[in-house]
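Take a look at the structure set out below.
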Amino acid sequence: MDTLELIMGITILLTSANLGVTFVWPAAVKYRVKKEYKYALQAISKYDGYLISQEKFLDNAALCKVEVENRSDLKILFPYIEKIANYVGEENLKLLYTNLKSTTLEKSKLRHGTTGVWRPTEKKILYREVSSLGHELLHVASSFYDEVRKEVQCGFSQAAEDECAEIGIGLNEGYTEYLTFQIFGEDKNSRYENLVNIAKLLELFFDDPKEMEKFYFGHDLPGFIHYMERFIPYDRMISIILSLDKIDIYEHGYEKGVTLEMVNVEMELYRYFIESNPSSEKLEKFESIIKQKEVTAKALKREKKRMVKESLQNDDEYLDDFGYYENDLNYGGIAK
């Protein structure tokens, strides 16, 4: 195991009873981390704002529902498939049946807190706990593997085997878990809790949540980004997606908590959401999601004060007091 020095987004709150002031800053912490997490962080840093694929892969395979239903070795999956079908509709199930037709299911002693894994290149589901199967089946339902290009598109993520590169893992896991909650019930101990909250914030940019769902099951990250460009510039959207990848790695490799990376993402999304002129109902929902965590609730309070100051004056003096969010937006949370 290697030691990796991270300037992580660990949020430290110091509240003065007299002044009522809350400070948020990053702290340098040494972690003993597994090699795969270290390499995953390094792989993210290779990105300079491009996607692996600029368009989604097309799958012309026919719906093969009967072939899956005749497989007795997948019987344990049938109740989960039925619930997914009732929620999303058959038009989003073609990939689920196409992939399951040649998928193997294996009980496994997965490590590091992992309860289930979908391996699209091998067409294999590994699971340690039956409760993870709903989440993994959603990955199956949104995955397409191009054997010629050696690339995987899975929901909101893309991965290239030859380049050992990937993007969108955090967004994909957060949204997949969000759908899992809606279909199968919420897991209070989910390690994706923070990413789920950000997925909920992104969903509020859509007039119809089913439109975001359509991009997901269509494994169409480029289409999702193109839609979000109505509200957020392309380079900032890519930066946000990469920040979610880092949050996923932090929480998987270390421990769950609110990082400065997460605070920055939520505050940036909040600014763009305000600019979209949302209804009072949607704004209330957006703010209620942010307020679920004490740290981000306090950050939101300061951000709203900053925005009021900005609207009342044309100079940049307010940045002296509130500029740490802007300064940290391009700070990836990793020691350089």
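Things to note:
- Meets criteria (more than 14 Å from the chain's Cα centre (by Cα) and within 25 Å of Glu129 (Cβ to Cβ)) for Glu186: yes
- On inspection, Tyr175 passes the criterion of being in a helix (DSSP H, G or I) and at pLDDT 95 or above.
- Subset of the stretch 115-146 [touching a residue at least 60 places away in the same chain (Cβ under 8 Å) and surrounded by fewer than 15 Cβ atoms within 10 Å (Cβ to Cβ)]: Asp146
One line per residue, one yes/no per condition, for (1) within 19 Å of the chain's Cα centre (by Cα); (2) over 18 Å from Ser243 (Cβ atoms); (3) aliphatic (A, V, I, L, M); (4) surrounded by fewer than 19 Cβ atoms within 10 Å (Cβ to Cβ):
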site	(1), (2), (3), (4)
Ile274	no, yes, yes, yes
Asn277	no, yes, no, yes
Glu287	yes, yes, no, yes
Glu294	no, yes, no, yes
Ala299	no, no, yes, no
Lys304	no, yes, no, yes
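- Reported count of residues in the stretch 208-224, each being surrounded by fewer than 20 Cβ atoms within 10 Å (Cβ to Cβ) and in contact with a Phe, Trp or Tyr (Cβ under 7 Å, 6 or more places away or on another chain), is 1.
- Boolean, Glu266 is of a type outside the set (A, V, I, L, M), modelled with pLDDT of 95 or more, part of a helix (DSSP H, G or I) and buried (at least 20 other Cβ atoms within 10 Å of the Cβ): yes
Yes/no per residue for (1) over 30 Å from Asn86 (Cα atoms); (2) in contact with an Asp or Glu (Cβ under 9 Å, 6 or more places away or on another chain); (3) surrounded by fewer than 20 Cβ atoms within 10 Å (Cβ to Cβ); (4) not aromatic (Phe, Trp, Tyr):
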{"position": "Glu166", "(1), (2), (3), (4)": "yes, yes, no, yes"}
{"position": "Leu202", "(1), (2), (3), (4)": "no, no, no, yes"}
{"position": "Asp235", "(1), (2), (3), (4)": "yes, no, yes, yes"}
{"position": "Glu261", "(1), (2), (3), (4)": "yes, yes, no, yes"}
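- Per-region count, the stretch 154-171, residues modelled with pLDDT of 85 or more, over 13 Å from Ile225 (Cβ atoms) and not in a loop (DSSP other than H, G, I, E, B): 4
- Selection count, the stretch 65-114, where residues are hydroxyl-bearing (Ser, Thr, Tyr), surrounded by 17 or more Cβ atoms within 10 Å (Cβ to Cβ) and not in a helix (DSSP H, G or I): 1
- Elements of type helices (runs of 4 or more DSSP H) in the stretch 188-239, at least 1 residues being charged (D, E, K, R) and without any contact (Cβ under 8 Å) to a residue 40 or more places away in the chain: 193-203, 209-217
The values are calculated or read from the model by the stated rules, or taken from the named source; none is laboratory data. Fair warning: this is a prediction, and the values are worked out from it, not measured in the lab. Methodologically, a virtual Cβ is constructed for each residue, glycine included, from the backbone with ideal geometry; neighbour enumeration extends over all protein chains shown.
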